[in-house]
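The values are calculated or read from the model by the stated rules, or taken from the named source; none is laboratory data. Being a predicted model, the structure only gives us computed values, none of them experimental. Quick reminder, even Gly has a Cβ in these numbers, built from the backbone with ideal geometry, and neighbours come from all protein chains shown. Protein only, heavy atoms only, side chains kept; ligands, DNA and RNA dropped before computing areas. Shrake-Rupley method; radii C 1.70, N 1.55, O 1.52, S 1.80 Å.
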Amino acid sequence: MSKPTPISGFPEWTPAQRMIEQYVLDRIRSTFELYGFAPLETRAVEPLDQLLRKGETSKEVYVIRRLHGEPEGPAGDDALGLHFDLTVPFARYVLENAGKLNFPFRRYQIQKVWRGERPQEGRYREFLQADIDIVDRDTLAVHHEAEMPLVVGDALRSLPIPPIRIQVNNRKICEGFYRGIGLTDPEAALRAVDKLDKIGPAGVTELLATTAGASEAQAKAVLSLAEISAPDASFADAVRALGVSDPLLDEGVEELVRVVETAAAHAPGLCVADLRIARGLDYYTGTVYETQLIGYERFGSICSGGRYDNLASAGNARFPGVGISIGVTRLLGLLFGAGALSVSRAVPTCVLVAVTNEELRATSDSVAGALRSRGIPAEVSPSAAKFGKQIRYAERRGIPYVWFPGADGDPDEVKDIRSGEQVAAAPGEWTPPREDLKPLVS
């Protein structure tokens, strides 16, 4: 077999990195549950017509097909694609299971997603997302939109990572403003503004003219709105100063004021109103979120989402929702690349139980079993080599303690191979310092 060629965009972490990822997921999951979100997992595939019905995603979807499908048979698997986010499959799940759910329904979902993007630092084709959503039947209270940043702020603040800043906007502000200045295609204008960081004001002006039919004066007004940013409710005064009037605009301003003020009361500095934030997916209808990792702003958002009113709807059934998603793989990839995250050891093992000779391996197995029963990660040496070699094996793997079973009535002893301290110990009583029990992430 020839040497395998890596496939870009499909990360495979080292064991140490995977341990960090597990730690991060545990902390995120714990925070989600503290806020009352219940776990859910949906299938990896969805019908293509569902995946493609909202937003500019057709170029990113991976299609599923059988290698030896029947050319004359029904479309079947050919009409399926891997989900590119967790919001679309969640909306489908709500519609299918509405009769079994209690509303408002709060769920979290931590799963892999797939996008056919060009791989680069922090961007992958297979990656892990951690989502929360709240949906209700017919109407969804606005206060749920103010809750999303609080959950994410608490989840990420519990991790040994740089601080974050959540940028918030409301699509109603943008759409109402665009209507107020006479633009007839607000969605095209939103998609153009969403590219502001990539193509700059001149590029957006050109795009507004070609896709939204904007005049030079209208494009200037759109960019003036996008320039507004404030860490508090003062953004509302800046919007009003532009002199545009529209009921939807007023509604959006009121809703965004609530989000910003709620976040400021919970965690000052967590949120900033930034009216250039648009989000490219068409299904967003209210508050939208993007999150900057301080010091890594050039890589874009590591956590995003928003309010959606029509994604989970069929006939008379309508389930508006709001959600936000942490790009776990994106976040970790950036921090791994910068060497900003580490773990105290690359294995979970706290104690290596030495083997005196192969005839006494059962004794060592018994010691390891007693330690494990008390929650102390332990493994037995793979060979009965000289104790010096067994200690070096533990050193290479980063295991801090080596346990020596007693012989001829002597007590067992455990050695901290970092300090060299060796003491008598009983497997039913000895406990390592708390900081050594499990690997520490920093």
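Solvent-accessible surface (1.4 Å probe) assigned to T431 amounts to roughly 90 Å².
With the charge dipole of the range 280-419 set up from +1 on Lys and Arg Cβ and -1 on Asp and Glu Cβ about the Cα centre, the Cα lying farthest toward the positive end among the listed residues S381, Y284, L360 is that of Y284.
Note on surface exposure: I7, I294 rank I7, I294 by accessible area, highest first, 1.4 Å probe. Output the 0 to 90 degree angle, nearest 10, between the alpha-carbon long axis of helix 328-337 and the longest principal axis computed from the alpha carbons of the chain. Rounded to the nearest ten degrees, it is 70.
Relative intensity of the range 81-180 on a log10 scale, I(q)/I(0) at q = 0.24 Å⁻¹, equals -1.29, per a Debye sum over C-alpha point scatterers of equal strength in the absence of solvent. Amide H contacts of V380: V353, each under 5 Å away and 5 or more positions distant or on a separate chain (H built 1.01 Å from N in the peptide plane; Pro and chain starts excluded). Which whole number in µm²/s is D for the range 340-442 by Stokes-Einstein, with the Kirkwood Rh taken over Cα pairs at 4 °C and 1.567 mPa s? Here the translational diffusion coefficient equals 94 µm²/s. With all protein chains in place and ligands, DNA and RNA left out, the 1.4 Å accessible area ranks F127, F235 as F127, F235, largest first.
Counting only protein heavy atoms and using a 1.4 Å probe, the accessible area of S8 comes to about 70 Å². Pairs of Lys residues in the chain, spaced 8 or more positions apart or belonging to different chains, with C-alpha separations under 22 angstrom: 13 in total.
When the chain is treated as a GNM with alpha-carbon contacts under 10 Å, the residue of L140, L34, L270 showing the greatest mean-square fluctuation is L34.
In order along the range 148-154, phi translates into HN-Hα couplings of 3, x, 5, 5, 5, x, 5 Hz, rounded to whole numbers, per the Karplus curve 6.51 cos²θ - 1.76 cosθ + 1.60 with θ = phi - 60° and x for Gly and Pro. Computed over the range 188-277, relative contact order equals 34 percent, with contacts defined as Cα pairs under 8 Å that lie 6+ residues apart. In degrees between 0 and 90, to the nearest 10, how far off the longest principal axis of the chain does helix 361-373 point, with axes built from Cα atoms? That helix lies at roughly 40 degrees to the long axis.
Using the rule -39500 (n - 2.57) for each DSSP H run of four or more residues, divided by the residues of the chain, the 222 nm mean residue ellipticity is -11000 deg cm²/dmol.
For the chain, the longest principal axis of the Cα atoms and the long axis of helix 216-226 meet at an angle of about 40 degrees.
Across the range 10-60, Cα-Cα distances exceeding 12 Å account for 77% of all pairs. Its Cα gyration tensor gives the chain an equivalent ellipsoid, and the semi-axes of that ellipsoid, as √(5λ) in whole Å with the largest first, are 51, 25, 21.
If we count trypsin sites (Lys or Arg not before Pro) as exposed when they sit in a DSSP loop and have at most 14 other beta carbons within 10 Å, what is the longest stretch of the chain that avoids them all? In the chain, the maximal stretch lacking such sites is 196-373.
State, to one decimal in nm², a quarter of the convex hull surface area for the C-alpha atoms of the range 98-145, i.e. the direction-averaged projected area. Before the final figure, lay out the partial values.
Details: hull surface 20.4 nm².
Computing the convex hull of the Cα atoms and averaging its projections yields 5.1 nm².
Roll a 1.4 angstrom probe over the protein heavy atoms and tell me the percent of accessible area of the chain that is carbon or sulfur. The C+S portion of the solvent-accessible surface of the chain is 50 percent. By the Kirkwood approach, averaging reciprocal distances over each pair of separate Cα atoms, the range 324-374 gets a hydrodynamic radius of 14.6 Å. Just need log10 I(q)/I(0) for the range 308-397 at q = 0.12 Å⁻¹, Debye formula, equal scatterers on the alpha-carbon atoms, no solvent, rounded to two decimals. Taken in order of the listed q values, log10 I(q)/I(0) reads -0.62. Taking only the alpha-carbon positions of the range 200-304 and ignoring solvent, what does the Debye formula give for the base-10 log of I(q)/I(0) at q = 0.21 Å⁻¹? Scattering profile of the range 200-304, log10 relative to I(0): -1.35. Classified by the C-alpha gyration tensor, the range 234-284 has an oblate form. Its axis ratio a/c, with a ≥ b ≥ c, is 1.5 or above, and a/b does not exceed b/c. Relative contact order for the range 297-442: 22 percent, from Cα pairs under 8 Å spaced at least 6 residues apart, divided by residue count. With contacts taken as Cα pairs under 8 Å at a separation of at least 6 residues, the chain carries a relative contact order of 16 percent.
For the chain, with every protein chain kept in place, what is the accessible area per residue (1.4 Å probe, Å²)?
48
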